[in-house]
Amino acid sequence: MPNRLFTPHEYFIQGEATTAKPKFDTQTRATSLAVYIFTPTQYQNPKCKQCSSFQSRGPASDCRVPTTKHGAGACTNCYYYGQSTACSLRIEQERVEEFAKKEKDRFEMYTSDELDELSEEQLEEWAQMVKDEIENKRSAGRCPIKKRRS
Ligand SMILES: [Zn+2]
Ligand SMILES: [Zn+2]
């Protein structure tokens, strides 16, 4: 079975170099380590906020996000501590997804298949609506296309 070597995180406690010693004592910890070692993950550069903090205790030296559903976008270190929902990478991903969903709800009035089926007449009607709208905005002085001063 292909696997990845586990490189423990090194940190300092009162000036003394310490190496993280991962524990397999809970299901969450064991799973996070198994995911790190045996499943495809994406190396993160920059690391998540938690991993890049001087307070980080690893346990892995690198910040990796599983490409599987484990942790739902959180890195394995945050997963290890049961802090998946707090991982800055997951929060960022959720923010992006939420935004994409809102945009989709706002603008997806037609699927691309439906668009293909529109008649030329309907398309021309739309084109006219767009032209009118631009004209309205221009005359109201809100259009980014500037009128020349006479
Ligand atoms: Zn991380
Ligand atoms: Zn994280």
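Bear in mind these aren't lab numbers, they're just calculated from the coordinates by the rules spelled out. Remember, predicted model here, so these are calculated numbers, not experimental data. Cβ: placed from backbone, ideal geometry, glycine included. Neighbour counts: every protein chain shown.
Does region 37-80 hold any residues that are near ligand 1 (Cβ under 10 Å from one of its atoms) and aromatic (Phe, Trp, Tyr), and which are they?
Those that are near ligand 1 (Cβ under 10 Å from one of its atoms) and aromatic (Phe, Trp, Tyr): 79, 80.
Need the failing condition index for residue 17 against (1) among the hydrophobic types (A, V, I, L, M, F, W, C); (2) part of a helix (DSSP H, G or I); (3) free of Cβ contacts under 8 Å to residues at least 24 places away in the same chain, just the number.
(2)
Which residue, of 18, 7, is touching an Asp or Glu at 6+ places or on another chain (Cβ under 8 Å), away from ligand 1 (no atom under 16 Å from the Cβ) and over 20 Å from residue 72 (Cβ atoms)?
18
Consider region 27-56. How many of its residues are closer than 23 Å to residue 13 by Cα, within 12 Å of ligand 2 (Cβ to nearest atom) and either assigned to a loop (DSSP other than H, G, I, E, B) or over 17 Å from the mean Cα position of the chain (by Cα) (or both)?
Counting residues in region 27-56 that are closer than 23 Å to residue 13 by Cα, within 12 Å of ligand 2 (Cβ to nearest atom) and either assigned to a loop (DSSP other than H, G, I, E, B) or over 17 Å from the mean Cα position of the chain (by Cα) (or both) gives 5.
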